[in-house]
Amino acid sequence: MGRSRALAPLVALAVCVSGSTARGEEFRIAEVRSLGAAGAGPLQPHTIAFTDHHDEPLADPATGLIRFEDWARAMPVQKQSLSLYPSFVEPMVDLTENGVTKPYKEKLHMYVAEARFMLSKPAPSIDLAHYVTTAFLERMDPKVKHRVIAAADIDAAANRNPDREWCEAKPHVLCIESHYELEGKLPAGIRVANQLVEKKKKIDDFLRFQSELRLLSPAELDQPGLGKLTGIDAPILGAIEQNIFYVNQVMQFAKFLAVLQPDATDGGKTIVSAFIALAIKTRVIENKNKYANVPVLRNLVPGQVLVGKSSFNTGNSLSGGLPSYARNEIKAVAGILDQE
C-alpha cells in the first residue's frame, strides 16, 4: 500500500452511542492519570475512570501516540495482553515506491485506552456469552454494518496468529466482517485527494475490517496475567474480547478487552476493566501535509485527523478521531452491561 493510500485517516471498530442506561442515567467519563488507587480513587456509580496515556513522557506530543517498541518495553503487561497475540512484533511487508518493491518493517504507533467502571450487580449474574453476537455490535453503533463470515473467508492479508487459528470452531466464537463509511467532511476530502494521486494509490472512504469476537473460556482466562493488567486483587470471573486482525487501511490491528471481577468490598457489585488497543501504521502518522497547497485539503493531516485535531473531524464516532471513538466505545459497553 503506497504512502498516499496510508493517508486515509481512521481505524475500525466504530462506535457512536450515548452510554445511557435503562434507568435514564448516563455514564460519564472521569479523566484520570492512571487506574491505580492513587490515580483513579474509589469508583463512583455511573462513572468511568478513563485514561489514554496521551500525556505520558513516551507519547508523541503532537498525537499522544506511543511507538510500539517503546510501549512493549515500558508496558510489558499491556503488550502481553493487548497485542493481537502475545508474541506479536512489527511485521515485515513489501512496500512499493516509484515502481520499486522492497521489504520494509511496518513500524507502528499505539493508541491505548484503559477504563474502569462499577456495575451494581454480582459478576456471576452477568452472562457474557449473551454478547457474542452481531446484535451486540449493532447496538453499539448501527452505522457499522456487520455480517458473520466463515473462517475460510478471512482475507489473505490478515495477520496470522501463530498460537491458534482465528475464528476457531468452538462455542462463543464469532467471525465477523464489518463495514464503516467515513462520515462528515472526510469523504469529500478523500474524493478531492484521490483526484491528485495515481489510480493505484486511491484512498478508500470506508473501513472494511475482519474480527473475531469471543468469550474467553475458563481455561483461557490467564488469571495471573489479567490480574496484573487490571491491577485488582480479585479473581477473574469472565472476559470478552474482539480481535481485529485485518483492516483495509491505516491500522495493523486492534483489540477490545473487557474483564469482570467482583468488588472486594461488596459482593453484590462488579468491577469492569475495559481496554482498547489500536496499532496505527507509523507511515500514516509521519505522512506530512502533502496537500498544503490545496486550500480545501490544508487540514487533511493524517496524524491530526487520527487524534481529532483537524477541521475534518466531525461527530462522536471514528470520524471524530481516536479519543472520541475510545470514550464512546467504553460508554457504550458500560451502558449495555448496566441495563441488562
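If you stretched the chain out fully between GLU97 and GLU181, how much longer would it get, using 0.36 nm times the residue separation minus the C-alpha to C-alpha distance? Before the final figure, lay out the partial values.
Details: separation 84, 0.36 × 84 = 30.24 nm, distance 2.80 nm.
Fully extending the segment from GLU97 to GLU181 adds 27.4 nm.
If you keep only loop residues by DSSP, which GluC sites (Glu not before Pro) in segment 136-215 have at most 15 other Cβ atoms within 10 Å of their Cβ? Could the numbers behind the result be given before it?
Numbers: sites: GLU138, GLU165, GLU168, GLU177, GLU181, GLU183, GLU198, GLU212; in loops: GLU165, GLU168, GLU183, GLU198.
Those satisfying the criteria are GLU165, GLU168, GLU198.
May I ask you to evaluate 6.51 cos²θ - 1.76 cosθ + 1.60, the Karplus curve with θ = phi - 60°, for each residue of segment 238-250 and list the ³J(HN,Hα) values in order in whole Hz, giving x for glycine and proline?
x, 7, 10, 9, 10, 9, 8, 9, 9, 9, 5, 6, 6
In whole Å and largest first, what semi-axes does the C-alpha gyration tensor of segment 33-107 yield when each eigenvalue is scaled by 5 and square-rooted?
Largest first, segment 33-107 gives 35, 15, 11 Å.
Efficiency by 1/(1 + (r/R0)^6): what FRET value for LEU196 and THR265, r their Cβ-Cβ distance, R0 = 41 Å, to the nearest 0.05? Before the final figure, lay out each step's value.
Details: r = 60 Å, r/R0 = 1.45.
Between LEU196 and THR265 the formula returns 0.10.
So, R0 is 30 Å and r is the distance between the beta-carbons of ASN161 and ASP60; what FRET efficiency does that work out to, to 0.05?
Working: r = 29 Å, r/R0 = 0.95.
My answer for the efficiency is 0.55.
Students often forget the sequence filter, so: which aspartates and glutamates lie under 13 Å Cα-Cα from LYS102 once same-chain residues fewer than 8 apart are removed?
ASP94
Distance between Cα centroids, segment 74-109 to segment 171-244: provide it in whole Å.
16 Å
In terms of the ratio Rg/(2.2 N^0.38 Å) built on C-alpha atoms, what value belongs to the chain?
Details: Rg = 19.6 Å, N = 340, 2.2 N^0.38 = 20.2 Å.
Computed over Cα atoms of the chain, the ratio equals 0.97.
For the pairs LYS145/LYS228; LYS107/LYS201; LYS79/LYS105; LYS228/LYS269, flag any whose C-alpha to C-alpha distance is greater than 26 Å.
Numbers: LYS145/LYS228 35 Å; LYS107/LYS201 20 Å; LYS79/LYS105 19 Å; LYS228/LYS269 21 Å.
As for pairs spanning more than 26 Å Cα to Cα, those are LYS145/LYS228.
Give me the net charge of GLU138's neighbourhood, meaning all other residues with Cβ under 13 Å from the Cβ of GLU138; Lys, Arg count +1, Asp, Glu -1. Intermediate results must be reported in sequence, preceding the final value.
Working: positive: ARG139, LYS143, LYS145, ARG147; negative: ASP141.
My count for the surroundings of GLU138 gives +3.
Report the net charge of residues surrounding LEU257, where surrounding means a beta-carbon distance below 14 angstrom and charges are Lys +1, Arg +1, Asp -1, Glu -1.
Values: positive: LYS79, ARG116, ARG214, LYS228, LYS255; negative: GLU114, GLU212, GLU220, ASP222, GLU241, GLU329.
With Lys, Arg at +1 and Asp, Glu at -1, the neighbours total -1.
Work out from phi, with θ = phi - 60° and the Karplus expression 6.51 cos²θ - 1.76 cosθ + 1.60, the ³J(HN,Hα) of each residue of segment 130-145, listed in order in whole Hz, and give x for Gly and Pro.
The phi angles translate into 4, 9, 8, 8, 5, 4, 4, 5, 5, 5, 5, 6, x, 6, 9, 9 Hz.
With Cβ to Cβ distances under 9 Å as the rule, what net charge do the other residues near ALA123 carry (K, R +1; D, E -1)? If you can, show how the numbers build up before the last one.
Values: positive: LYS121, LYS269; negative: ASP263.
Neighbourhood net charge equals +1.
With θ taken as phi - 60° and the coefficients 6.51, -1.76 and 1.60, list the Karplus ³J(HN,Hα) couplings across segment 164-176 in order, rounded to whole Hz; mark glycine and proline as x.
Going residue by residue, I get 6, 7, 5, 6, 4, 7, 8, x, 6, 10, 10, 9, 9 Hz, with x marking Gly and Pro.
Bear in mind these aren't lab numbers, they're just calculated from the coordinates by the rules spelled out. Note that this is a predicted model, so its numbers are computed, not measured. Methodologically, a virtual Cβ is constructed for each residue, glycine included, from the backbone with ideal geometry; neighbour enumeration extends over all protein chains shown.
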